[in-house]
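Take a look at the structure set out below.
Since every read-out is calculated from the coordinates, none of them should be taken as a lab result. All figures in this text were calculated on a predicted structure; none of them were measured in a lab. Don't worry about glycine lacking a Cβ; one is built from the backbone with ideal geometry, like all the others, and counts go over all protein chains shown.
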Amino acid sequence: MTQITRTFDLLDHLVERYPKDDILAGKVAGEWVRYSSHDFYKFAHYLAYGLCEMGLKEGDRVVTMSGNCPEWNFIDMALAMSGIIHVPIYPTLSTENYLHILRHSEASAVFVSTRMLLNRLRPALDQAETKPQVYTLAQVDGERRTLEILKLGIANRDKWMGEIERRKREIKPDDWTTMIYTSGTTGMPKGVMLSHRNLCSNFLAHAQVQPMDSSCRVLSFLPLNHIYERSLNYHFQYLGISIYYAESLGTIQQNMQEIKGHGFCAVPRVLEMVYDKLYAAGKDFSGLKKAVYDWAFRHGKHYDYTGLRKFSPMYLLGQKILDRLVYSHWREKFGGNRLTVITGSSSIQPDMIRVFAAAGINIYEGYGLSETSPVIAVNDPLHKQVKIGTVGPVLGGIEMQFADDGEILTRGPHVMLGYYKDPEYTAQVVDPDGWFHTGDIGTLVSGKYLKITDRKKDIFKLSAGKYIAPQLIENMLRGSEYIEQVMVIGENEKCAAAIISPNFNTLHYWALKYKLHYRDNAELIAMPQVHDKYRKVLEVYNKELAPHEQIKLFRLVTDEWTPANGLLSPTLKLRRAPLMEKYRDLVADIFGKEKASQNAFFSAFKSIELPTMPWQKK
């Protein structure tokens, strides 16, 4: 059996152990095109021969900018076995960032999937001093296609086969194989250098903590250029699980039904949208049907992964009734199977996890960073090593400890080689003992389960000296069906405040119920009734917070926060600096009015004439 110590070892592993007809699949002209394990092996090798014929050498950097598709994997494996560094990038960056990456990586070639993405990259390509070779996956007039490289490889197979086999033999597990540019929330992206050992040690570890096997099919839709989805794709390949690539984010449900999928990877925002749609569906019901539907949510919020034995007979009976009447219909929307859903990037509401789990949609919440290949910890419902509200126990083979200020430190084969061309910053985050400083604050629950409380750099202090961990509060507030996104602010201020982007679908339904009339969303959020509603929403959550953490002030905004407008990162995290800049006047207004009222009080106080005290008399 093939020992997997380099990513491309997966090709031999698949052919030997899982010679199936649909290891990879993607839609072309509305039809699923499936590739067998042998196809995967063959096309990856042909591309590798073609790369040699192109003149690319070991150590060269090649950028890919593509949506998810089987061909992405062919290129990835061809680059890996050729000793060429794979540099996958997001399709939603700015021209400035693209130009930085092209220059910083010194890219020799660029693979772009479509005309639209090429047009997005073109301004940076035009400004680059050194012009990389450009190839497209789709037919684009005037551009060379990746298909040409494949044909070159087939034509020159005998010429380069021995060379590729030599490179494969000589590539060591600790050799650099890919560079991931961090999406970040400020500044230019940094190039994270990862080795074969980084990637393989990590996916081999997290492949042990979920129930799917080679009989299963998963849907992939998160960007493959992000190390999270990429690592899970290696994980699925290792287990012989078939990977089908979604047409778009808008077709997830349809594609899951078509393939009768068994799972997928997601970020919490995607799951929140699914949950909101399921919850909203009950608003159209009435009578007994609505009562049962509402019961399904109340019942689910008490569910626990660790087993049903501790539940009362009435709860177990309710579980069977609700599974037949409600939960099974939810699963039908995603193909009918019980699902394994792996999530990370940010935290997810505990009640949401419980409701999904009750419905047979098991959420595996984990934690990691690009610099850690990426997974550090993950919940494991399969082996009942799970605690909702945490990111689970640390993976096998990984060390973890806390700094004095609560920062999470980790050490092991998953820690990156370093930041490309930046040894100074590398030394700041990886100490002499090999501990990587994550920048996240956390704690252990029950001595075993890691809980993330906030980003070290995001924690701020109120004027009274009390600390606020905004992410913890934001995650709690997003549990409301009325809140789409929220940013907690208040550094050096008297109290914490929030800028809230409402869930307008829910808000419109509420406004209709109370017969509110408005021209647009701007007029709606200005209504006193709406402000009263959100004040009551916040009051509910404030009861769960310490007095200094409670949200005393807030403003509603009509803007949608997305990666496209730069207010969220590509992994849907708040980009605080751009948000603070966008709402600078609003922030000044929030706290300015508070300060103005204080100043008015003190001015009035100062204007009062006090009697002369005896000791003041001469």
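Across segment 2-8, coupling constants 3J(HN,Hα) worked out from phi with the 6.51/-1.76/1.60 Karplus curve, θ = phi - 60°, read 5, 8, 9, 10, 10, 4, 6 Hz, and Gly and Pro carry x. The alpha carbons of segment 477-601 stretch over 40, 37, 29 Å along the principal axes, in descending order.
In this Cβ point-charge picture (+1 for Lys and Arg, -1 for Asp and Glu), segment 431-516 has a dipole of about 360 debye about its Cα centre. Taking the average, over residues, of other Cβ atoms within 10 Å as the packing measure, peptides 120-127, 64-71, 419-426, 341-348 rank 341-348, 64-71, 120-127, 419-426 from highest down.
Basic side chains Lys and Arg get +1 at the Cβ, acidic Asp and Glu get -1 at the Cβ, and with that the dipole of the chain about its Cα centre reaches some 1660 debye. Where both bridge residues fall in the chain, DSSP classifies roughly 50% of the beta bridges as antiparallel. Spin-label pair Leu317-Arg34: with each label point 7 Å from Cα along the Cα-Cβ axis, the two points sit 4.5 nm from one another.
Across segment 280-397, the volume of the C-alpha convex hull divided among the residues equals 116 Å³ per residue.
Check each of the GluC sites (Glu not before Pro) in segment 109-176 and keep only those in coil by DSSP with at most 15 other C-beta atoms within 10 angstrom; list them in order. Those satisfying the criteria are Glu129, Glu143. When Kirkwood radius over Cα pairs in Å is computed from the coordinates, the matching label among (i) 26.6; (ii) 25.7; (iii) 27.3 is (i).
With a/c under 1.5 counting as rounded, go ahead and sort segment 1-82 into rounded, prolate or oblate using the C-alpha gyration tensor (a ≥ b ≥ c being the square roots of the eigenvalues; past the cut-off, prolate if a/b is larger than b/c, else oblate). Note, shape of segment 1-82 comes out oblate. Evaluating kT/(6 pi eta Rh) at 4 °C and 1.567 mPa s, with the Kirkwood radius of segment 157-304 over Cα pairs in the Stokes-Einstein relation, gives 68 µm² s⁻¹. With point charges of +1 on the Cβ of Lys and Arg and -1 on the Cβ of Asp and Glu, referenced to the Cα centre of the chain, which listed residue (Asn233, His531, Ile243) lies farthest in the positive direction of the dipole? Comparing the listed Cα positions along the dipole, His531 ranks first.
Which pairs in the list Lys42/Lys159; Lys289/Lys320; Lys457/Lys573; Lys27/Lys131; Lys289/Lys310 are over 21 Å apart, alpha-carbon to alpha-carbon? Check vs 21 Å cut-off fails for Lys27/Lys131; Lys289/Lys310. Taking square-rooted eigenvalues a ≥ b ≥ c of the alpha carbon gyration tensor, is segment 458-549 rounded, prolate or oblate, where a/c under 1.5 means rounded and, failing that, a/b exceeding b/c means prolate? Cα axes put segment 458-549 in the prolate bin. By other beta-carbon atoms within 10 Å, ranking Tyr315, Tyr234, Tyr364, Tyr279 with the fewest at the front produces Tyr315, Tyr279, Tyr234, Tyr364. Using only the Cα atoms of segment 293-342, each taken as one equal point scatterer with no solvent, compute I(q) by the Debye sum, divide by I(0), and report log10 of the ratio at q = 0.13, 0.19, 0.30 Å⁻¹. The computed values of log10 I(q)/I(0) come out as -0.33, -0.70, -1.23. Look at the dipole of the chain built from charges on Cβ: of Ala155, Trp435, Asn565, the Cα furthest out on the positive end belongs to Asn565. Shape of segment 317-476 from the C-alpha gyration tensor: prolate (a/c of 1.5 or more and a/b above b/c, with a ≥ b ≥ c the square roots of its eigenvalues). Segment Tyr467..Arg115, full-extension length gain: 121.9 nm, with 0.36 nm per residue of separation and the alpha-carbon distance subtracted.
For Val445, the shell of other residues with beta-carbons less than 10 Å away shows a net charge of +3, using +1 for Lys and Arg and -1 for Asp and Glu. Using the rule -39500 (n - 2.57) for each DSSP H run of four or more residues, divided by the residues of the chain, the 222 nm mean residue ellipticity is -12000 deg cm²/dmol. Just round it to a whole percent: the fraction of Cα-Cα distances in segment 147-236 exceeding 22 Å. I get 52 percent for the Cα pairs in segment 147-236 exceeding 22 Å. Around Ala358, under 12 Å between beta carbons, what's the net of Lys plus Arg minus Asp minus Glu among the other residues? Spelling it out: positives minus negatives among the neighbours equals +3. Going by neighbour counts of Cβ atoms within 10 Å, the residues Tyr541, Tyr514 line up, fewest first, as Tyr514, Tyr541. Of interest is the spacing of the C-alpha centroids, which for segment 51-129 and segment 198-253 amounts to 22 Å.
Measuring against 26 Å, Cα to Cα, the residue pairs Lys448/Lys543; Lys456/Lys582; Lys421/Lys448; Lys277/Lys466 contain Lys448/Lys543; Lys421/Lys448; Lys277/Lys466 as the ones spanning a longer distance. When peptides 480-488, 209-217 are ranked by their average number of other Cβ atoms within 10 Å per residue, the highest-first order is 480-488, 209-217.
In plain terms, the residue of Phe203, Phe334, Phe591, Phe554 with the fewest other Cβ atoms within 10 Å comes first and the most crowded comes last, giving Phe591, Phe554, Phe334, Phe203.
Between the beta carbons of Thr443 and His548, assuming R0 = 22 Å, the FRET efficiency works out to 0.70 to the nearest 0.05. Shown for segment 9-195 is the translational diffusion coefficient from the Stokes-Einstein equation, using the Kirkwood radius over Cα pairs, a temperature of 20 °C and a viscosity of 1.002 mPa s: 125 µm²/s. In the chain, Cα pairs under 8 Å separated by at least six residues give a relative contact order of 10 percent. Summing charges over all other residues whose Cβ lies under 9 Å from the Cβ of Thr136, with Lys and Arg as +1 and Asp and Glu as -1, gives +2.
Working note: Karplus 6.51/-1.76/1.60 with θ = phi - 60° gives segment 464-469 the couplings 7, x, 7, 8, 10, 9 Hz, where Gly and Pro are set to x.
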